[in-house]
Amino acid sequence: MRVSREGEGQGCGPTNPSQSSPPVLHAAGMMAGMSAAPGAPREVALNGAIARLKPYAFTQLRARQDQLAAQGTRVINFGVGDPEDDTPAFIRDALVAAITPSSRYPTAAGIAPLREAIAAWLRRRFGVTVHPDRHVMPANGAKEALHNLTSLVVDAPGTPGRRDLIAIPELAYQVYGDAALLHHAEVFAVPLGADWLPDLDAITPEVGRRLAILWLNSPHNPTGAVAPRDHYRRALDLADKYGFLVASDEAYSELWFDAPPSGILEACADADFTGAIAINTLSKRSNMTGYRSGLIAGDARVIAAMRNVRPRIGVATPEFVQRAAIAAWNDEAHVEEQRARYAARRDLFLDLCSRKRLQVEASQGAFYLWIRVPATVPGRDATTFASTLLDHGIVVLPGSFMGPRGNEYVRLAFVPSLETCMEAVAILDRVL
Ligand SMILES: Cc1ncc(COP(=O)(O)O)c(C=O)c1O
């Protein structure tokens, strides 16, 4: 069973708690009642899981890029998936129009028109009927929702019957695993099959009974693989059997090229979406990464817990952002235009890969191409290949940053403009 136990991984944390001290931070003050040996530094105890977090992949990329840029190299970034196209003007206008002279605290549950707009969008897009109050919450983008969901499901260490396992795809956006570790849960890496989808046969009875959350992500970061509806159905059947939650990160659901991908809510058998939570965002759909606006929808009991807990953790979306979000969810024309932009860039790179005999796998959705490192690179090593491209100013993400299964792959995020993509293709035509 591929379970990484707490304390494994980076090897920075104490290996034997009885012999080692917890990680500490030097701080200016001491808590009342604590005493230190004379001359010892003043220290605050930290959550030991922090020392076990892997370096954040994008921070590593940024450092290298900054170095090159400082040397005067023109750097074209296909590494980070942060949309570069404009937020549509009507969305910006909606935000500006919603700015009021006085500013009051927003509520975590959001304004009713936003929940209604989200419910209407879910109905149009996935054909599901969600109740705007019982099944929907706004989120400050997907990321905080992915993280904060964990605290609602994972009980405190030591609680009898606690489910202590969180399953994530073997290659995954870093947030699911980091949230698990920070909540003192163990991470179970679900192997990806030949189709790059999580192999659900890995959810054996032994795993299923310990599982708190199974994370799914389609279209998948980093591979762009798209799950069929049946995949969700199978995951939900397992959830029914063992009593865990299936949380589906659908951040890229609107970036598709052939047919709109399925979502988990479509696969739910009952009207209260029992066992299923979908998380989506306007970041990619509407180029709104800076606005921090998304949605959480599904299981009525989990949503009720969110309504109780989220007001306590400062994740209420500012009302002017909510008004802009309503405008965004209510419009599809700008999403179609954005898809067309991505399709043109994708075609350009697919053509390059075909000319250069580079193998592209998965890559059915999102703005990623998942490219196998050519055999000419020693050991097909992703970092070596990415470094070579970086020498020519082209940034791609080594798949190994996302997990060992990515060792022979790089992820190319075609977010720069078509013109910039053409510039990069000209460089790659020479280099490859
Ligand atoms: C799979 C996945 N989920 C969620 C997010 C975060 O989205 P948001 O900007 O809504 O926080 C990202 C960002 O790149 C992502 O790749």
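Any read-out appearing in this document is the output of simple, stated calculations on the displayed coordinates, not a laboratory observation. Bear in mind the structure is a predicted one, so any value in this text is a computation, not a measurement. Note that we place each Cβ from the backbone using ideal geometry, even for glycine, and neighbour counts take in every protein chain shown.
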Q | Viscosity 1.002 mPa s, 20 °C: Kirkwood-radius Stokes-Einstein D of segment 307-384 over Cα pairs, µm²/s | A | 129
Q) Which value, in debye to the nearest 20, gives the size of the charge dipole of segment 251-309 about its Cα centre, when Lys and Arg are +1 and Asp and Glu are -1 at the Cβ? A) 360
Q. When we measure straight from the Cα of Lys54, which lysines land under 29 angstrom away, once same-chain ones fewer than 8 places off are left out?
A. Lys143, Lys284
**Q.** ³J(HN,Hα) computed for each position of segment 239-247 - Karplus, 6.51 cos²θ - 1.76 cosθ + 1.60, integer Hz, glycine/proline x
**A.** 4, 4, 5, 10, x, 9, 9, 9, 10
Q) Once the Cα gyration tensor of segment 34-191 is diagonalised, what are the square roots of 5 times its eigenvalues, in whole Å and ordered largest first, as equivalent ellipsoid semi-axes? A) 34, 28, 21
Q. Taking all pairs of different Cα atoms in segment 78-122, averaging 1/r and flipping that mean, what Kirkwood radius in angstroms comes out?
A. 13.6
(Q) Rounded to two decimal places and with Rh computed the Kirkwood way over Cα pairs, what is Rg over Rh for segment 187-256? (A) 0.95
Q) Starting at 0 and stepping by 5 Å, how many percent of the alpha carbon pairs of segment 89-331 end up in each bin? A) 1, 7, 14, 19, 20, 17, 11, 6, 3, 1, 0, 0
Q) Which ³J(HN,Hα) values, rounded to whole Hz and listed in residue order, are derived for segment 126-140 from phi using the Karplus coefficients 6.51, -1.76 and 1.60 in 6.51 cos²θ - 1.76 cosθ + 1.60 with θ = phi - 60°, glycine and proline given as x? A) 10, x, 10, 9, 10, 7, x, 9, 8, 10, 9, 9, x, 10, 7
Q | Compactness of segment 52-103 as Cα Rg over 2.2 N^0.38 Å, two decimals | A | 1.81
(Q) What number do you get for segment 152-205 when its Cα radius of gyration is normalised by 2.2 N^0.38 Å, N = residues? (A) 1.23
(Q) Can you compute the helix-only [θ] at 222 nm over the chain? Use -39500 (n - 2.57) per DSSP H run of at least 4 residues, normalise by all residues, nearest 500 deg cm²/dmol. (A) -11000 deg cm²/dmol
Q: Among Tyr409, Tyr56, Gly224, flag the residue with its Cα farthest along the positive direction of the charge dipole of the chain, charges on Cβ as +1 for Lys/Arg and -1 for Asp/Glu.
A: Tyr56
Q) Which ³J(HN,Hα) values, rounded to whole Hz and listed in residue order, are derived for segment 77-86 from phi using the Karplus coefficients 6.51, -1.76 and 1.60 in 6.51 cos²θ - 1.76 cosθ + 1.60 with θ = phi - 60°, glycine and proline given as x? A) 9, 10, x, 9, x, 10, x, 9, 6, 5
Q | Signed unit charges on C-beta, dipole axis of segment 89-331, positive-most listed residue Ala97, Ala117, His183 | A | Ala97
(Q) Going by average Cβ density within 10 Å per residue, which order do the peptides 38-44, 411-417, 238-244 take, highest to lowest? (A) 411-417, 238-244, 38-44
Q) In the chain, what percentage of the DSSP-assigned beta bridges are antiparallel, given to the nearest 5? A) 55
Q. Taking amide hydrogens as modeled 1.01 Å from N in the peptide plane, which residues meet the under 5 Å criterion relative to Ser248, leaving out close sequence neighbours?
A. Leu216, Ile277, Ala278, Ile279
Q. For the chain, what relative contact order do you get, as a whole percent, if you take Cα pairs closer than 8 Å and at least 6 residues apart?
A. 20
Q.
Compute, for the chain, the length of the dipole vector about the Cα centre, with Cβ point charges of +1 (Lys, Arg) and -1 (Asp, Glu) only. Units Debye, rounded to 20.
A. 560
Q | Kirkwood hydrodynamic radius (C-alpha pairs) into Stokes-Einstein, the chain, 37 °C and 0.692 mPa s, D in µm²/s | A | 142
Q | Options Ala424, Ser400, Val321, ranked by Cα towards positive dipole end of segment 295-432, top entry (Cβ charges) | A | Ser400
